Amino acid sequence: MRDPDLKLIRSRENPRFKALRQLANSTRERRKAGLALLDGMHLISAYRASGGVPEQLILSESGAANAEAARLAGGVAAQQVLLLADALFNEIAQVATPTGIVALIHTPRAGPLPEKIGDCVMLENIQDAGNLGSILRSTAAAGIFTVLLSQGCAFVWSPKVLRAGMGAHFGLDLYDDVDLRAAVARLSGRLICTSGQAETSLYQADLRGPLAWAFGNEGSGLSAALGAAAAGQVRIPMPGGAESLNVAAAAAICLFEQVRQRG
């Protein structure tokens, strides 16, 4: 049952709705405000499980009757919950089939880069949001918690990246707009990248010490500068004859070969 203390907003002229719609429709506004939108039960549950408390929780009129949505709203002050008519909610929803619940959160800031960086993943100019989110998900699953992103990457807190990441964001230290070539000097271990022309197979390489992985743009790969800074290159064997792998698939293969070698 809907909380009787929540006032249903039906007007598109409502200032709270107008501000929210602007955030929902503009990456520039979300960057500027340092805010992100989490759409759906899974993402919000993952955020709450990490200790996060939403800045605002937005429910559709029909979604407010959902018991799971009511549970997620627990601990959020009533003045921070916005109840929208379904038609208005659909205008700020980030998915084709709205789930009935969206959370507005402050995007965590990791602060300055550490002086010494151990195991990590470096991402250079990854532009597809789905690829970026998938890589973050694989990185977290592989037990690596530091990710450095170049300025040319897709916005790491965009709705599509968040959905593809499936909650991985909340367990990672994410550093964006990083000069990756300069950051190499802070690595405590080797920097490894992949290349179809590398002599060493991924499965022959020793991946047991401190390691940083670098993965590059979907079309052009790594820049020459970052590739030259790598201590080694590895090749993923492809006996089927494919010319290349999707970068998210390549990253997952490399990271979990590292997991296998480390036992």
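The values are calculated or read from the model by the stated rules, or taken from the named source; none is laboratory data. The structure displayed is predicted, hence computed values, not measured ones. So basically every Cβ, Gly included, is an ideal-geometry build from the backbone, and we count neighbours across all protein chains shown. Areas reflect the complete protein model, heavy atoms only, side chains present, ligands, DNA and RNA absent. Shrake-Rupley method; radii C 1.70, N 1.55, O 1.52, S 1.80 Å.
When the criteria are applied in full, Leu72 meets the requirement of being modelled with pLDDT under 85 and in contact with a Ser or Thr (Cβ under 8 Å, 6 or more places away or on another chain).
If you go through region 187-245 and keep only what is in contact with a helix residue (DSSP H, G or I) (Cβ under 7 Å, 6 or more places away or on another chain) and either part of a loop (DSSP other than H, G, I, E, B) or open to solvent by 60 Å² or more (accessible area, probe 1.4 Å) (or both), you end up with Leu202, Tyr203, Leu207, Arg208, Glu218, Ile236.
Does any residue of region 98-116 turn out to be in contact with a Lys or Arg (Cβ under 9 Å, 6 or more places away or on another chain) and at pLDDT below 90? No. So which residues in region 57-71 are surrounded by 14 or more Cβ atoms within 10 Å (Cβ to Cβ) and aliphatic (A, V, I, L, M), if there are any at all? Residues satisfying the conditions are Leu57, Ile58, Leu59, Ala64, Ala69, Ala70. The single condition among (1) open to solvent by less than 30 Å² (accessible area, probe 1.4 Å); (2) in contact with a helix residue (DSSP H, G or I) (Cβ under 7 Å, 6 or more places away or on another chain); (3) not in a loop (DSSP other than H, G, I, E, B) that Cys153 does not satisfy is (3).
Taking the listed residues Ala164, Ala93, the one that is surrounded by 20 or more Cβ atoms within 10 Å (Cβ to Cβ), under 19 Å from Ala24 (Cα atoms) and under 15 Å from the mean Cα position of the chain (by Cα) is Ala164, with no other qualifying. Taking residues in region 165-193 that are in contact (Cβ under 8 Å) with a residue 24 or more places away in the chain, and partners anywhere that are open to solvent by 70 Å² or more (accessible area, probe 1.4 Å) and in a helix (DSSP H, G or I), the pairs with Cβ atoms closer than 6 Å and at least 6 places apart or on different chains are Gly165/Arg137; Met166/Arg137; Ala168/Arg137.
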